1. Out of the residues in the range 40-64 that are assigned to a helix (DSSP H, G or I) and of a type in the set (A, V, I, L, M, F, W, C), state the one that is nearest to Ala136 (Cα to Cα).
2. Is there any pair linking a residue in the range 116-145 that is in contact (Cβ under 8 Å) with a residue 60 or more places away in the chain to one that is surrounded by 11 or more Cβ atoms within 10 Å (Cβ to Cβ) and basic (Lys, Arg), with Cβ under 9 Å and at least six apart or on different chains, and which?
3. I'd like the full set of residues that are outside any helix (DSSP H, G or I) and in contact (Cβ under 8 Å) with a residue 12 or more places away in the chain, limited to the range 68-92.
4. With respect to Ala113, determine if the residue is farther than 20 Å from Asp46 by Cβ and small (Gly, Ala, Ser).
5. Mind checking which residues of the range 80-117 are among the small types (Gly, Ala, Ser) and loosely packed, with under 12 Cβ neighbours inside 10 Å?
6. Can you find a residue that is of a type in the set (D, E, K, R), at pLDDT 95 or above and over 19 Å from Leu125 (Cα atoms) anywhere in the range 42-59?
7. Among residues belonging to the range 39-67 that are open to solvent by less than 30 Å² (accessible area, probe 1.4 Å) and farther than 30 Å from Lys115 by Cα, point out the one that is nearest to the chain's Cα centre (by Cα).
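The values are calculated or read from the model by the stated rules, or taken from the named source; none is laboratory data. Just so you know, these numbers come straight off a predicted model, no measurement behind them. Counting neighbours? That spans all protein chains shown, and the Cβs are built from the backbone with ideal geometry, glycine included. In case anyone asks, the SASA skips ligands and DNA or RNA and just uses the protein heavy atoms, side chains included. Shrake-Rupley method; radii C 1.70, N 1.55, O 1.52, S 1.80 Å.
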Amino acid sequence: MGRRKRKSDKPTEETSSPTPTPRARTAPSARRPHPAIPQIRRITTDLNNLVTEQEASVLSTPLLFNPPSIPDGPPHLPLLRNPKFAHYEEGLMRLMDRFDSIDSDGVAPVREARKEGIAKVQAYLKTLDDYKAKEAERWLKEREEGANEEVRGEEVWTEEKNGGRDVVVVGTGRWKIAGAFIAVGFILAGVLLGLLLDYSIMLDDIRDALSF
């Protein structure tokens, strides 16, 4: 009778599974930014492009004004007569509205970026306001100088009479030319009337002489 085969005393090797490697945590700085941050960056890029393309041309173009609607009031800036200025100002205001429409959701970086963008737009708008005030001052000064020039250009006619001088002053502005024609007309009419009287007297003398 054969011997029973004994179980091997050699321990059975168990297959060991590899220890799982812990997943690396994402650092806070590498997290995805708030959705408003890229939006603010796009608006800032549009602002820089607008300023680069238009500001220099706007600030070198003289502004055209209308007279003030009330005495001693500021001159009126008609936008239709100043299209460059109006278009640039409107572009800045639209960018301001885009910054204002961003909701920061209480996130500090978004709030600071939004605040910085608004401050930039306000600075460019102040530059426009300063230029407008400077141009209004220039317009008022030129207008005042033009009025003074009309007064200095007042015409004066004199007429010699009995060793003295009778002075006739003609008004300024549009009435100056009309006044000159009226004064000359009166003088010519007087001279012509005198000639006619002299001619009539001379004819009477000739008739009297022929009657004899």
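1. Among those that are assigned to a helix (DSSP H, G or I) and of a type in the set (A, V, I, L, M, F, W, C), it is Val58.
2. Pairs found: Gly117/Arg98.
3. Residues satisfying the conditions are Pro74, Pro75, Leu77, Pro78, Asn82.
4. no
5. The answer is Ser101, Gly106, Ala108.
6. There is at least one residue in the range 42-59 that is of a type in the set (D, E, K, R), at pLDDT 95 or above and over 19 Å from Leu125 (Cα atoms).
7. Leu63
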